[in-house]
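Taking it in order: structure first as structure tokens, then the write-up.
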Amino acid sequence: MPNFIMSYLGSTVTPGEAGSQFWALIYVLIIFAGVSVAVICMNWIERKALAHFQIRLGPMRVGPHGLLQPFADALKLMLKEDIIPAEADQFVFWVAPLIGLLAAFTVYTVIPFGPSQAVSDMNIGILFMLGVSSLGVLGIVVSGWASNSHYPLIGALRSSAQMVSYEVAMGLAVVSAVLMTSLNASGTGTLSMIGIVQAQQQQGVWFIFKFFPLGFLAFVIFAIAMVAETNRAPFDMAEAESELTAGYHTEYSGLRWSLFMLAEYAAMIAVSSIAVTLWLGGWMRPFPNLLHAPAWDFIFSLFPGLTFGGLAAIAMIGAARMPAHSFFRIQRIGLAVFAALLAFSALLLLVIAIAGRSADTSVAARFREGIDYVYWFVLKVAVFMYLFIWYRATWPRYRFDQLMRIGWKVMLPISLGVLLLTAIVGVILP
Amino acid sequence: MSAETNEVSSRALLSSDASNRSALERSHLDLETAEKPYLDSNELIINMGPQHPATHGVLRVILKLDGERVLGTECVIGYLHRGVEKIAENRTYTMFNPYVDRMDYCAAVSNGLGYCEAVEKLLNVVAPPRAQYIRVILTELNRIASHQLWLGTHALDIGAMTPLFYTFRDREEILKIFEKYCGARLTTHAFRIGGCQYETYAGFEKDVNNFLTFFAPKIDEYETLLTTNRIWLERTKNVGVISGADAIALGVTGPVLRASGVKWDLRKAQPYAAYSEFDFEIPVGTNGDTYDRYLVRMEEMRQSMRIIEQAVSRIPEGAIMGKVPKVIKPPVGEIYHSIEAPKGELGYFIVSDGSTQPYRLRVRPPSFVNLQALDVMVRGLLVADVVAVIGTIDIVLGEVDR
Amino acid sequence: MNPALNSALSINSGMAPVATPWFFYALAGMAVLSGVFVITRRNAVHAALALIITLLSVAGLYLMLYAPFVAGVQIIVYAGGIMVLFLFVIMLVNIERSSKERAFNRMWPVGLAAAGALMVLFASAIVKGSHINDMFRDRLMPLPESTNTQQIASLLYGEAGRMGQYTFAFEIASLLLLVAILGAVIMTKKKI
Amino acid sequence: MVPITTLHYLVVAAALFVLGAIGVLTRRNVVIVLMSIELILNAVNLNLVAFSRMWGNLHGQIFAIFIVVDAAAEAAAGLGILIAFFRNKETVNIDEIDLLKW
């Protein structure tokens, strides 16, 4: 194999740092595909979970338990007529969803799924992330304006004001987490995403528990601000369907509309990843310092396989419990095949975990490590995604002025105070 | 009318209290001369509805906005006009009875009750006690159903999706009782002039009692989702405030009036059917805001359950139809009879020329009158509050447009 | 290739970008082209979008100059903050009218001539400067990228208890921002 | 291929500066004039950062950051003035802003 492929394989840094453009490209493709798949899964899970919150069944017809619903939706959206209003600004209308999508996906270049499982480790990682995710607002503003219609315009103005306001509190919360990284021997912190996780590892504590309750407060502020930042309930003013029909994407349809949705979900995953990286230890498994014996490593490395095994079991039980009627035969077979696929992945993961348990340098060991990192990271992000759904099912919507009041008069002072106290405690305590 | 409400209304009509008058003067809408906005060019005229998710049907509200602040509103109605009142002039009294179910289709039983009692009054007939009790039970069940529908859609307007499904689940139980009783779920043609259409089916009492035990904890379930929810409080407290005096001056009735602190309920004030025989409270609010209206309606559901419980346990035996001639030909004259529908005072004004058909029939629908208060309530609020206020007035366009 | 440049590149060899010239030409071309759009578009929103592209391209150029922190600031402050403000204002003021009117003022030939003169000045400065000594051509000092943010911080805030070289200037800049915020609020609010 | 040197950056910066100057001198719309000023500031920033790389110290970058701060202040104040002006005169054309008082 050519050198530019092989030379990276033994490396312990990200492809961006190692200067391996080929592998950087591969990673970009993997992440792009992974995020798209995650959005599809999220689509299905949100519909099902929301339905079960609301004593409904949710999608049941397309595939067993509606498993193929997202694909049917995607197909429908792609085939739908793409309407551009006559009075709209054609070019801007066309380009607006792309801006949001680009911003949402560019963020993923610096998200570390593991110590070397990222496209690049930028020196200014978290700064870059905040900056690029703040570009998403441009797409929304511009789409609202280009539609040349009242409801989209109001939705766009709302969401731009909202996102700009919550970015302030969000940034301050992030800074207080970054401050905590500097509590080491050299006294220098870091903005690099990988560096932040490594700092948590060195200090032996997730930053959410650091200087309790300061870390926790900063985390809560970020967790609230990120809901506002992604325009999700209860802060979904920009697309409040009971007020503004659909907000900034009222005039959009078909593929372009689905791009907005894709961008929204990608942005949700991205901000959740920031929260996980900054406060919840990123890719680290629970208690990496306390339970650091190889035996513990092995036990924790069984988790991915067991998770998939559990999912396979659930799917299998679902298939077994389907009514014995010829109408359900295809569905039963489909669910059983799905269960078999899950079981196969579970088996594969378990085999990798067992094969890679001892040797530290073998390919299997590296694989096992990588799977572990990605698994714990994704698990933590998944908790946030579930929270997003939970919020949406439980809470009414804030009004716009209340939202701004909370942003400027509650969140901003608290985050400033937390930042100040973190700095003071950080100087006094060690 | 009680002394207390008399006093309030006279103050509303006679006093020269400046703030009070300004509120009413403001309500006289003139979109052109609304106060000068903050940025001239930013003044938007927005057309909310008739196709809009939060206007509860085909209401069209023209909003004049300064940014998001509402400078004025104008309701355009009539998209669901079917000429019910005109139809009445070409139908006999009996034939017209099913038409009233199509006005407030969320509370069809109440509509029928009001119409039948009005015609009975004109004929000087009284329905037998058993029929009266059945009427009370069904009407109160329908009040609960109507309030459930209101709660679900109102919460959905404010952004809480889940209560809608909970209320629809429980409303289903009421509709099942209706269906078993008269065969229809929504447009229940349950009553006849002079009594009831049908005798109760076997197990009616048991079904109703089962519903009561089923539903009692469900109200608490709704309340755990909303009553102390901070966002719900922020969205509804001090939103769409209307004073008792303003409400009376605008003719507002029902829960909207009671939430403003006026204890006015026709079931107590002018008891009809068998309501004088039951023991129940009239919940009254204090601030006249959206939250109070929510609380009043929640409490009204509980009170309705109390009434139903009493009525079911004491339901008398006997005939269900009074002595009514085969051909209904009321004597020449006119009558106004009103009942407390879930949404407010539902009145029927019938002019009889002695023939089999009404000479003129006029309905005083609560939604239509209450909708007038929209402009007073939403001036100076934000767009988001407009949908909350439309929801809290609890309008049904079938009734507004008739 | 001269030795100085060679050594500069070799120090950063770990991350020596392979296609540097191409990236540079692409970014620079994008910046200049959308700069042209900024000043020629009749519609202010189009101009703003073009300006955003310019700003992002310039941020890319900063990255190529091993100034990642400035690039990050450029993206956050310019593209994420200032341009949103611009778009906001464009939507507030009535652009339908202004987009139908003349886009350029009556004195535009004079302005163009002045700008042309400026361009000639720049061109001559660059040509002369690079002709007399190969300063621009030769000097390309290595800057450590990985500690860029730290170094900027120690210049701005000081290090090990000592005040930084620019600490006072930094404080004055924050004062300037405060004044600008207050000024903007006072000017735009109808009644304080 | 010619390696990229400071000179290249200077040329780009000069081009951006001239474009900004043309915008400021010829356009009528105040918003676009303000945007052209941003263009000029960016050109200066690019120069400073390029020189910072040329001399191998970070003072140029510090200056660039100060200029970004300045640009933010300028945009806030400039757009504030624009809004106040637009409220009174309903125009955003710079050649109609010819009175000191209205």
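The values are calculated or read from the model by the stated rules, or taken from the named source; none is laboratory data. Since we're looking at a predicted model, the values are computed, not measured. Using ideal geometry, Cβ is built from the backbone for each residue, glycine included, and neighbour counts are taken over all protein chains shown. For accessibility, only protein heavy atoms count, side chains too; no ligands or nucleic acids. Shrake-Rupley method; radii C 1.70, N 1.55, O 1.52, S 1.80 Å.
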query: Modelled label-to-label distance, B:THR213 and A:PHE287, 7 Å Cα→beta-carbon offset: nm?
result: 4.9
query: In terms of the ratio Rg/(2.2 N^0.38 Å) built on C-alpha atoms, what value belongs to region B:218-286?
result: 1.36
- prompt: Can you give the extra length, in nm with one decimal, that the chain gains between B:ILE87 and B:TYR336 once fully stretched, where that is 0.36 nm per residue apart less the Cα-Cα distance?
  reply: 87.8 nm
- request: Check the straight Cα-Cα distances from B:LYS206 and name the lysines below 16 Å, setting aside those fewer than 8 residues away within the same chain.
  value: B:LYS176, B:LYS180
- prompt: Using alpha-carbon positions, what is the distance between the centroids of region B:202-231 and region A:102-159, in Å?
  reply: 45
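Carbon and sulfur atoms: what percent of the 1.4 Å accessible area of chain B do they account for? Each step should come with its number before you reach the end.
Details: 7870 of 14830 Å².
Exposed carbon and sulfur together represent 53 percent of the surface.
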field: Over chain A: Kirkwood hydrodynamic radius from C-alpha pairwise inverse distances, Å
entry: 23.3
- prompt: Under the definition of partner shielding as Cβ atoms of other protein chains within 10 Å of a residue Cβ, what is the mean value for peptide D:87-99?
  reply: 3
- request: When a/c is below 1.5 the answer is rounded, else prolate if a/b is larger than b/c, else oblate, so apply that to region A:279-323 with a ≥ b ≥ c taken from the square roots of the Cα gyration tensor eigenvalues.
  value: prolate
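Kindly provide the helix-only [θ] at 222 nm of the protein assembly as shown, computed as the sum of -39,500 (n - 2.57) over DSSP H runs of four or more divided by all residues, to the nearest 500 deg cm²/dmol? Display every interim value, and only then the final one.
Working: 47 runs with 698 residues, N = 1126.
After summing the helix terms and dividing by the residues of the protein assembly as shown, the value is -20000 deg cm²/dmol.
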- prompt: In straight Cα distance, which lysines are under 24 Å from D:LYS89, not counting same-chain residues fewer than 8 positions off?
  reply: B:LYS36, B:LYS64, C:LYS100, C:LYS189, C:LYS190, C:LYS191, D:LYS101
message: Could you give the length gained by full extension between B:THR227 and B:THR356, i.e. 0.36 nm per residue of separation minus their alpha carbon distance, to one decimal place?
response: 41.4 nm
- request: Please turn the phi angles of region B:339-354 into ³J(HN,Hα) values with the Karplus equation 6.51 cos²θ - 1.76 cosθ + 1.60 (θ = phi - 60°), one per residue in order, whole Hz, x for glycine and proline.
  value: 10, 8, 6, x, 9, x, 6, 9, x, 10, 10, 10, 10, 10, 9, x
task: Enumerate the calculated ³J(HN,Hα) couplings along region A:28-45 in order (Karplus 6.51 cos²θ - 1.76 cosθ + 1.60, θ = phi - 60°), each rounded to whole Hz, writing x wherever the residue is Gly or Pro.
output: 4, 5, 4, 5, 4, 5, x, 5, 4, 5, 4, 5, 5, 4, 4, 4, 5, 5
- line: For region C:101-127 the residues that are at least 30 Å² less accessible with all protein chains than alone, 1.4 Å probe, are C:GLU101, C:ARG102, C:ALA103, C:PHE104, C:ASN105, C:GLY111, C:LEU112, C:ALA115, C:LEU118, C:PHE122, C:ILE126
- prompt: Chains B and A: buried accessible surface, both sides, probe 1.4 Å, rounded to 100 Å²?
  reply: 2700
task: Note the per residue figure in Å³ for the convex hull of the C-alpha positions in chain D.
output: 100
message: If I model a spin label at A:TRP390 and D:ASN88 as a point 7 Å from the Cα along the Cα→Cβ vector, what separation in nanometres do I get?
response: 5.5
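Can you give the accessible area buried between chains C and A, summed over both chains, with a 1.4 Å probe, in Å² to the nearest 100? Display every interim value, and only then the final one.
Details: alone 15100 and 21170 Å², together 34000 Å².
In total, chains C and A hide about 2300 Å² from solvent.
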field: ³J(HN,Hα) computed for each position of region C:163-178 - Karplus, 6.51 cos²θ - 1.76 cosθ + 1.60, integer Hz, glycine/proline x
entry: 7, x, 5, 10, 4, 4, 4, 4, 5, 5, 4, 5, 4, 4, 4, 4
- line: Non-local residues with an amide H under 5 Å from the amide H of B:MET48, with H modelled 1.01 Å from N and Pro and chain starts lacking one, are B:VAL61, B:ILE62, B:LEU63
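Summing Lys, Arg as +1 and Asp, Glu as -1, what charge do residues with Cβ under 12 Å from the Cβ of B:TRP150 carry, B:TRP150 excluded?
Values: positive: B:ARG143, B:ARG171, B:ARG293, B:ARG297, B:LYS343; negative: B:ASP104, B:ASP157, B:GLU300, B:ASP394.
Charge balance in the 12 Å sphere: +1.
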- request: Give the carbon-plus-sulfur fraction of the accessible surface of region A:24-171 in %, rounded to a whole number; probe 1.4 Å, heavy atoms of protein chains only.
  value: 74
Proximal lysines to B:LYS121, defined as alpha-carbon separation beneath 19 angstrom and excluding residues fewer than eight positions away on the same chain: B:LYS268, B:LYS323, B:LYS326, B:LYS329
log₁₀ of I(q)/I(0) at q = 0.18, 0.23 Å⁻¹ - region A:326-409, Debye sum with one point per alpha carbon: -0.92, -1.08
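Given a Förster distance of 41 Å, report the FRET efficiency between B:ILE45 and B:GLU281 from their Cβ-Cβ distance, rounded to the nearest 0.05.
Working: r = 45 Å, r/R0 = 1.09.
Using R0 = 41 Å, I get an efficiency of 0.35.
Computing the accessible area with a 1.4 Å probe over protein heavy atoms, can you report the carbon and sulfur percentage for chain D?
That share works out to 70 percent.
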message: Give me, ordered by chain and number, the residues 5 or more places off B:PHE191 or on other chains with an amide H under 5 Å from its own placed amide H.
response: B:GLN197
Protein heavy-atom accessible area occluded, C/D pair - total, 1.4 Å probe, Å²: 7500
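By the gyration tensor of its Cα atoms, with a ≥ b ≥ c the square roots of the eigenvalues, what is the shape of chain B: rounded for a/c under 1.5, prolate for a/b over b/c, or oblate? Don't skip to the end; give the middle numbers.
Values: a/c = 1.82, a/b = 1.43, b/c = 1.27.
Verdict is prolate for chain B.
From the gyration tensor of the Cα coordinates in the protein assembly as shown, what semi-axes in whole Å does the equivalent ellipsoid have, largest first, with each one equal to sqrt(5λ)? Don't jump to the answer; show the numbers that get you there.
Numbers: eigenvalues 823, 293, 122 Å².
Rounded to whole Å, the semi-axes are 64, 38, 25.
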Residues whose placed amide H lies under 5 Å from that of A:LEU68, excluding near-sequence neighbours: A:GLY63
task: For region A:104-148, state which residues have at least 30 Å² less accessible area in the presence of all protein chains than in their chain by itself, taking the probe as 1.4 Å and leaving out ligands, DNA and RNA.
output: A:ASN123, A:ILE124, A:LEU127, A:GLY131, A:LEU135, A:LEU138, A:VAL141, A:VAL142, A:TRP145
Estimated inter-spin distance, B:THR94 and A:HIS52, nm [label 7 Å along Cα→Cβ]: 5.6
- line: Counting other chain Cβ atoms within 10 Å of each Cβ in B:151-164 and taking the mean gives 5
message: Using a Debye calculation, one point per C-alpha and no hydration shell, please list log10 I(q)/I(0) for region A:43-180 at q = 0.21 Å⁻¹ in order.
response: -1.13
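Given a 1.4 Å probe, how much area per residue of the protein assembly as shown is accessible, in Å²? Don't jump to the answer; show the numbers that get you there.
Working: 47040 Å² over 1126 residues.
Here the residues of the protein assembly as shown average 42 Å² of exposed surface.
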statement: Taking r as the C-beta separation of A:MET78 and A:LEU29 and R0 as 25 Å, the FRET efficiency to the nearest 0.05 is 0.75
